[in-house]
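Asks: My structure is below; once you've seen it, I'll send some questions.
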Amino acid sequence: NAGVMQNPRHLVRRRGQEARLRCSPMKGHSHVYWYRQLPEEGLKFMVYLQKENIIDESGMPKERFSAEFPKEGPSILRIQQVVRGDSAAYFCASSHRGPSGGTQYFGPGTRLTVL
Amino acid sequence: DQQVKQNSPSLSVQEGRISILNCDYTNSMFDYFLWYKKYPAEGPTFLISISSIKDKNEDGRFTVFLNKSAKHLSLHIVPSQPGDSAVYFCAASALDKIIFGKGTRLHILP
């Protein structure tokens, strides 16, 4: 029973390029969450998705960032025209139920470095 | 506006003693609380949770206490072991939202 998978584990991009981060939730989980962790800071919520729907994107920057969780395939966090400030660890989590009463299980993260 | 606060950025505890990590929250709508442990370069690992209808939940060396009137929860680890050295995050959730604290770095001293 595989856990939450994220790829790539490390991603290097130059300023202005696009970054695509993938997350495959645990089997049977239909709720996916994305978080960002900046150096020496905690986990900052970005977006919560439930199969094909964005439930809460209050933590997502208004520009350049988008997320999707299609009916088939992994959830994708897309960052367009990356800047140095986007360098961070991005974690995905999944749960069987929604946030209230649903335990989230995290993937290993994708470490994005913008040169 | 931090809805979930972990006021101690770090904590050092002697091996074998009790580690107590604290967390405060402001939103009385939160009804489910969780603790996660994180090692460097890894994702957070779920440790233990508690529903707002309870005031204590125990799992092996880990016990979480919830004081709803004070809007405070704590994680007790006893006895503390070297492998417990990590960053601990508390989280609180309600309906469609979950909020994490900034974490407390626990050092277990030999």
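Asks: Over all residues in A:31-44, what is the mean tally of Cβ atoms on other chains that come within 10 Å of each residue's Cβ?
Replies: Mean inter-chain Cβ contacts per residue within 10 Å come to 3.
Asks: For segment A:73-115, just list the percent of Cα-Cα distances falling in each 10 Å bin from zero outward, please.
Replies: Going out from 0 Å in 10 Å bins, segment A:73-115 shows 24, 41, 26, 8, 0 percent.
Asks: Could you grab the relative contact order for chain A? Cα pairs under 8 Å, six or more apart, rounded to a whole percent.
Replies: On the way: 294 pairs, mean separation 42.0, N = 115.
With pairs under 8 Å counted, the relative contact order is 36 percent.
Asks: Based on C-alpha coordinates, I'd like the Rg and Dmax of chain B, in Å.
Replies: 13.2, 42
Asks: With just the Cα atoms defining each centre, how far is segment A:53-82 from segment B:34-49? Give it in Å.
Replies: 23
Asks: Restricting things to Cα coordinates, could you compute the convex hull volume per residue of chain A in Å³?
Replies: On the way: hull volume 11.3 nm³, N = 115.
In chain A, the Cα hull volume divided by residue count equals 98 Å³.
Asks: For the protein assembly as shown, what are the per-bin percents of Cα-Cα distances with bins 5 Å wide, up to the bin holding the maximum?
Replies: Result returned by the calculation: 1, 7, 15, 18, 19, 16, 12, 7, 3, 1, 0.
Asks: I need A:Asp86, B:Asp59, B:Asp31 ordered by Cβ neighbour count within 10 Å, fewest first.
Replies: Neighbour counts put them in this order, fewest first: B:Asp59, B:Asp31, A:Asp86.
Asks: Moving on. Run the simple label-point estimate for A:Lys62 and B:Asp59 please: 7 Å along Cα→C-beta, distance reported in nm.
Replies: In this crude label model, A:Lys62 to B:Asp59 measures out at 4.0 nm.
Laboratory data are not the source of any read-out in this text; all were calculated from the coordinates shown. The model shown is predicted, which means the values in this text are computed figures rather than measured ones. Cβ atoms come from the backbone with ideal geometry, glycine included; neighbour counts cover every protein chain shown.
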